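All remarks here apply to the structure that follows.
The values are calculated or read from the model by the stated rules, or taken from the named source; none is laboratory data. Values in this document were obtained by computation on a predicted structure and should not be read as measured data. FYI the Cβ positions are ideal-geometry reconstructions off the backbone, even for glycines, and counts take in every protein chain you see.
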Amino acid sequence: MVGDPAHHIGAGRQRAFSSPRATAPLMPISHRIDRDLGVVYLYVTGHVQPVDQSRHLKSLLADPDFRAGLHYLVDWRDGDEANTSEEVRMMADAVRRESARLGGSRFAIVVRSDVQYGLTRVFAAFVGDAPLEFQTFRKIDDACRWLGESVGRPVSPP
């Protein structure tokens, strides 16, 4: 991941990046919710299958810090590119089914490759007209700016 200290910088101050409610880092998807900033930091590592994404979505929605309208900074740079279009469709369907609970969220997805970029665009197309907004970025700082300056830049996963 990005850096190795367990902190992220936000609004000009250092904040602890670990949380007792963060999902287990051994999962291919982990998250941390910053209630003060209204942001979910999602980290993808390795291969994510639809069942992994479904389990993580359930975990996220059950997190006591979750609320509708949070924005998402998704770091997929350590994720792989092996998903089929059918797997991407299945994952998008799961997000679309929960779109009312996600409540008008914005998803800034940071990728490292053209393949990942294309897969995120296919994912957004499959989500369709759900009240969610997706944008893909190559640089994490650009993603943070799109979400809003107060988001801060994550330096390492939960």
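Brief remarks on what is shown
- Residue in segment 110-120 that is crowded, with 16+ Cβ neighbours inside 10 Å and either touching a Lys or Arg at 6+ places or on another chain (Cβ under 7 Å) or closer than 20 Å to Gly69 by Cα (or both) present: yes
- Residue check for Ala143: in a loop (DSSP other than H, G, I, E, B) and over 18 Å from Ser30 (Cα atoms): no
- A count restricted to segment 33-47 and to residues that are of a type in the set (Ser, Thr, Tyr) and crowded, with 21+ Cβ neighbours inside 10 Å stands at 2.
- Remark: pairs (first residue in segment 86-103, within 14 Å of Leu61 (Cβ to Cβ); second residue part of a helix (DSSP H, G or I) and small (Gly, Ala, Ser); Cβ separation under 7 Å; 6+ apart in sequence or on different chains) = Ala94/Ser54.
- Count of segment 64-101 residues which are part of a loop (DSSP other than H, G, I, E, B) and either touching a Pro at 6+ places or on another chain (Cβ under 7 Å) or crowded, with 18+ Cβ neighbours inside 10 Å (or both): 2
- The residue of segment 131-151 that is modelled with the lowest pLDDT, among those that are surrounded by 19 or more Cβ atoms within 10 Å (Cβ to Cβ) and of a type in the set (A, V, I, L, M), is Val151.
- Considering segment 48-63, the residues that are surrounded by 14 or more Cβ atoms within 10 Å (Cβ to Cβ) and of a type in the set (A, V, I, L, M, F, W, C) include one that is nearest to Ala92 (Cα to Cα), namely Leu57.
- Residues (in a loop (DSSP other than H, G, I, E, B) and either farther than 27 Å from Asp80 by Cβ or modelled with pLDDT of 90 or more (or both)) located in segment 22-42: Pro28, Arg35, Asp36, Leu37, Gly38
- Segment 44-85: number of residues that are in contact (Cβ under 8 Å) with a residue 24 or more places away in the chain, over 20 Å from Leu147 (Cα atoms) and hydrophobic (A, V, I, L, M, F, W, C): 4
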